Amino acid sequence: MSYYFTILSPTDTPIFNIAFGTSKSGGDGIARFRFPDTAQYMNQFIIHSSLDIVEETQWTNGGMYLKHIDTYPPAAAYISAFLTPSGARFLLLHQPPQLPASNSSSLGASSLLGASGSTTRASSSSIAANPTSPQTEEAVRQFMNEIYESYVKTAMSPFYKQGMEIRSPVFRTKVTAAGKKWL
Amino acid sequence: MTVYSFYIFDRHAECIYKRRWLPRPTSVAGKPQTQGGPTGLGQTVRASDDDAKLVFGTVFSLRNMVRKLGGDDDNFISYTTNQYKLHYYETPTNIKFVMLTDLKSPSMRIALQQIYINLFVEYVVKNPLSPVEHPGGVGVNNELFEESLEQFVTRVLA
Amino acid sequence: MSATKASRIGEEIWKTRIDKVNAELVTLTYGTIVAQLCQDYDSNYQDVNKQLDKMGYNIGMRLIEDFLAKSGVGRCANFRETADMIAKVGFKIFLNVAPTVTNWSSDNNQFSLIFDENPLADFVELPDDGRAQDELWFSNILCGVLRGSLEMVQMQIEAHFVSDVLRGDDTTEMRVSLVRYIEDEMPPEEE
């Protein structure tokens with residue numbers, strides 16, 4: 001399972017991006033998207049295109065966590081969303097690993113995002129393999145809540161200006177840790 | 001008892017506040033003397049500005065002498081003459097509070113401390129618009145402080 | 001007066017005589033001031049440090065009166081006692097922290113305050129412009145507060161931070177040195 005996480009400011013500026021892989025079921029926390037060559041911009045494209053649905057959904061649901069809201073089948077990308085009361089949006093794209101059977105295509109070259117070799121890791125019952133299961137939903141909720149807490153603390157720093165890119169290394173570390181813990 | 005006058009001196013030896021009260025006829029009932037203030041001070045002759053300097057000189061010398069005799073932590077509390085009683089309180093920041101009363105007055109040390117804590121600190125020091133130092137009494141002569149001092153002296157001490 | 005007695009006094013005053021205010025309000029207010037100063041001084045952090053110290057100095061000159069009014073303590077017998085008074089009573093009642101007094105110089109004129117916690121710096125991450133980490137002392141106002149308040153009780157001191165967890169140091173440490181005791185001022189000579 002690979003993840004792509006984005007925070008959008010209330011004025012639709014992306015202020016934070018991170019890509020990471022699952023750490024559950026023996027995962028090593030490195031993102032391995034199915035189409036590594038295009039993942040970088042495709043992920044952003046997919047995640048931003050779900051904003052329309054966020055807008056539709058946000059008033060129908062009293063909670064901040066909107067759960068799984070969108071799917072983009074060609075890339076097997078599932079989008080979950082979390083809204084802060086101030087209008088910032090946390091969007092998480094998750095992409096389950098390819099089934100071992102279909103893992104014949106030669107993607108392997110790209111070192112950072114590519115390496116598709118170790119796909120045996122995710123068992124079929126894990127969070128990673130079931131992006132829509134209640135367990136996954138719960139795990140993402142925990143993840144989002146933890147990020148929310150860190151986000152608030154970061155936003156409280158006097159040197160952070162609202163709506164600016166979050167460049168804090170502390171925040172990035174915390175997001176990585178939260179990803180490791182829950183996803 | 002009657003309060004005659006009250007002075008505050010800052011750490012630069014400057015009088016930053018002075019106030020005199022004429023004894024009201026009612027409060028001095030039974031007291032033979034009816035004219036204002038202690039006769040011994042002769043304030044009719046001297047300008048009141050000199051008064052403050054005189055008072056400061058007195059307490060300053062007295063305090064230094066007391067410390068020479070009794071050690072650095074010693075302080076004098078009051079002295080009495082035939083005509084009046086002078087009460088003295090000094091804060092560790094060297095602000096000196098002096099009050100002159102008639103002879104019947106009990107110790108005013110607590111009262112002076114109260115004036116410092118409840119009036120001076122609250123209404124002068126904590127007033128953000130008042131300067132930190134008060135050359136010529138600037139900042140001390142604000143309405144809140146004056147009024148509360150008036151009340152304190154007339155109601156609490158009377 | 002011993003350090004433990006000072007701690008007791010500080011604790012007692014903190015519990016009974018201090019109006020409490022929301023900690024985030026203080027943190028955000030102070031943070032905003034520093035951030036604004038950084039902006040106003042175009043990220044010249046030396047100037048920001050200086051300005052914070054100056055602001056603290058003005059605060060200290062007033063705060064000491066409030067401190068004395070609330071605590072009712074008298075003059076300290078020596079500088080060691082002063083240090084305990086600052087750490088265990090002063091910081092306790094105004095910031096609800098009690099830094100550790102340590103690293104005394106052999107002549108007893110210099111000591112360090114180690115802050116385990118610093119409410120002014122909660123949430124703070126210094127700007128990542130490559131200079132703030134080396135130049136800005138975020139809590140420098142505290143140095144000024146000590147300088148101002150001790151001057152009012154006839155002690156000229158020098159105070160500066162030597163390390164700060166915000167910069168990635170292990171501790172937050174302030175060094176305080178006694179320069180001299182100030183003599184009483186005499187009234188100006190009459191002409």
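The values are calculated or read from the model by the stated rules, or taken from the named source; none is laboratory data. Fair warning: this is a prediction, and the values are worked out from it, not measured in the lab. Virtual Cβ from ideal backbone geometry, glycine too; neighbours counted across all protein chains shown.
Among the aliphatic types (A, V, I, L, M) and either at the interface with chain C (Cβ under 10 Å from one of its Cβ atoms) or not in a loop (DSSP other than H, G, I, E, B) (or both), is that true of B:Leu129?
No: the conditions fail for B:Leu129.
Quick check: anything in region C:122-131 basic (Lys, Arg), out of contact with any strand residue (DSSP E or B) (no Cβ under 8 Å at 6 or more places or on another chain) and more than 27 Å from B:Ile110 (Cβ to Cβ)?
Taking every residue of region C:122-131 in turn, at least one turns out to be basic (Lys, Arg), out of contact with any strand residue (DSSP E or B) (no Cβ under 8 Å at 6 or more places or on another chain) and more than 27 Å from B:Ile110 (Cβ to Cβ).
Please specify each residue of region A:137-183 satisfying the condition of being of a type in the set (A, V, I, L, M) and either within 14 Å of chain C (Cβ to nearest Cβ) or surrounded by fewer than 16 Cβ atoms within 10 Å (Cβ to Cβ) (or both).
The answer is A:Val152, A:Ala155, A:Met156, A:Met164, A:Ile166, A:Val170, A:Ala177.
Specify the residue that is farthest from the other protein chains (Cβ to nearest Cβ); the eligible residues are those in region C:4-23 that are under 20 Å from C:Ser139 (Cβ atoms) and outside any helix (DSSP H, G or I).
C:Val21
So B:Asp50 fits all but one of (1) part of a helix (DSSP H, G or I); (2) away from chain C (no Cβ under 13 Å); what number is the exception?
(2)
Residue by residue, here is whether (1) touching a residue at least 60 places away in the same chain (Cβ under 8 Å); (2) within 14 Å of another protein chain (Cβ to nearest Cβ); (3) closer than 24 Å to A:Val152 by Cβ holds:
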{"site": "C:Ala83", "(1), (2), (3)": "yes, no, no"}
{"site": "C:Ser112", "(1), (2), (3)": "yes, no, no"}
{"site": "C:Leu120", "(1), (2), (3)": "yes, yes, yes"}
{"site": "C:Val124", "(1), (2), (3)": "yes, yes, yes"}
{"site": "C:Leu146", "(1), (2), (3)": "yes, no, no"}
{"site": "C:Val153", "(1), (2), (3)": "yes, yes, no"}
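Considering only region A:72-100, how many residues are without any contact (Cβ under 8 Å) to a residue 40 or more places away in the chain, surrounded by fewer than 21 Cβ atoms within 10 Å (Cβ to Cβ) and closer than 21 Å to A:Lys24 by Cβ?
Adding up the residues that qualify gives 2.
Is it the case, given these coordinates, that C:Val165 is within 30 Å of A:Ser157 (Cβ to Cβ) and within 14 Å of chain A (Cβ to nearest Cβ)?
So C:Val165 passes the test.
Go through A:Ala81, A:Ala31 for me and flag whichever is part of a loop (DSSP other than H, G, I, E, B) and not basic (Lys, Arg). Talk me through it step by step, then tell me what you get.
Details: A:Ala81 fails: part of a loop (DSSP other than H, G, I, E, B).
That would be A:Ala31, the only listed residue that is part of a loop (DSSP other than H, G, I, E, B) and not basic (Lys, Arg).
Residues checked against (1) within 30 Å of A:Ser150 (Cα to Cα); (2) not in a loop (DSSP other than H, G, I, E, B):
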site	(1), (2)
C:Ala69	no, yes
C:Arg80	no, yes
C:Val89	no, yes
C:Trp104	no, no
C:Val124	yes, no
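Is it true that some residue in region C:93-105 is on the phi < 0 side of the Ramachandran plot, among the aliphatic types (A, V, I, L, M) and within 14 Å of chain A (Cβ to nearest Cβ)? Before you say what the answer is, go through the steps one by one.
So in region C:93-105, the residues on the phi < 0 side of the Ramachandran plot come out as C:93-95, C:97-102, C:104-105.
Next, only the ones that are among the aliphatic types (A, V, I, L, M) stay: C:93, C:95, C:97-98, C:101.
Next cut, within 14 Å of chain A (Cβ to nearest Cβ) only: none.
Looking through region C:93-105, none of the residues is on the phi < 0 side of the Ramachandran plot, among the aliphatic types (A, V, I, L, M) and within 14 Å of chain A (Cβ to nearest Cβ).
Could we say that C:Ser43 is outside any helix (DSSP H, G or I) and within 14 Å of chain A (Cβ to nearest Cβ) here?
Numbers: outside any helix (DSSP H, G or I): yes; within 14 Å of chain A (Cβ to nearest Cβ): yes.
The answer is yes for C:Ser43.
C:Tyr57 - would you say it is closer than 30 Å to B:Asp10 by Cα, in contact with a Lys or Arg (Cβ under 8 Å, 6 or more places away or on another chain) and within 14 Å of another protein chain (Cβ to nearest Cβ)?
Yes.
If you go through region C:126-144 one residue at a time, how many are in contact (Cβ under 8 Å) with a residue 60 or more places away in the chain, crowded, with 18+ Cβ neighbours inside 10 Å and not small (Gly, Ala, Ser)?
Number of matching residues: 8.
Taking the conditions exactly as written (within 14 Å of chain A (Cβ to nearest Cβ), crowded, with 19+ Cβ neighbours inside 10 Å and in a helix (DSSP H, G or I)), does C:Val26 satisfy them or not?
In short, no.
Given C:Ala35, C:Ala3, C:Ala69, which one is surrounded by 18 or more Cβ atoms within 10 Å (Cβ to Cβ) and over 21 Å from B:Pro128 (Cα atoms)? Full working, then the answer.
Values: C:Ala3 fails: surrounded by 18 or more Cβ atoms within 10 Å (Cβ to Cβ); C:Ala69 fails: over 21 Å from B:Pro128 (Cα atoms).
Of the residues listed, the single one that is surrounded by 18 or more Cβ atoms within 10 Å (Cβ to Cβ) and over 21 Å from B:Pro128 (Cα atoms) is C:Ala35.
Among the numbered conditions (1) within 13 Å of another protein chain (Cβ to nearest Cβ); (2) modelled with pLDDT of 95 or more, tell me where C:Val179 comes up short.
Checking C:Val179 against (1) within 13 Å of another protein chain (Cβ to nearest Cβ); (2) modelled with pLDDT of 95 or more, the one that fails is (1).
With respect to B:Phe152, determine if the residue is more than 29 Å from C:Tyr57 (Cβ to Cβ) and in a loop (DSSP other than H, G, I, E, B).
Against the criterion (more than 29 Å from C:Tyr57 (Cβ to Cβ) and in a loop (DSSP other than H, G, I, E, B)), B:Phe152 does not qualify.
For region B:104-126, give me the residue count where each residue is part of a loop (DSSP other than H, G, I, E, B), more than 14 Å from the chain's Cα centre (by Cα) and within 30 Å of C:Leu150 (Cα to Cα).
In the first step, residues of region B:104-126 are kept if they are part of a loop (DSSP other than H, G, I, E, B); the result is B:104-108, B:126.
Checking the rest, the ones that are also more than 14 Å from the chain's Cα centre (by Cα) come to B:104, B:106, B:126.
The next check asks that each one be within 30 Å of C:Leu150 (Cα to Cα); those that pass are B:126.
Selection size over region B:104-126: 1.
Residues checked against (1) within 30 Å of B:Pro135 (Cα to Cα); (2) crowded, with 16+ Cβ neighbours inside 10 Å; (3) modelled with pLDDT under 95:
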site	(1), (2), (3)
C:Gln154	yes, yes, yes
C:Ser163	no, yes, no
C:Leu166	no, yes, yes
C:Thr172	no, yes, no
C:Glu189	yes, no, yes
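So C:Leu63 fits all but one of (1) closer than 22 Å to C:Val162 by Cα; (2) surrounded by 15 or more Cβ atoms within 10 Å (Cβ to Cβ); (3) away from chain A (no Cβ under 14 Å); what number is the exception?
It is condition (1) that C:Leu63 fails.
Given region B:61-103, what strands (runs of 3 or more DSSP E) lie entirely inside it while holding 2 or more residues that are crowded, with 18+ Cβ neighbours inside 10 Å?
Once the strands (runs of 3 or more DSSP E) in region B:61-103 are filtered for at least 2 residues that are crowded, with 18+ Cβ neighbours inside 10 Å, what remains is B:85-90, B:96-101.
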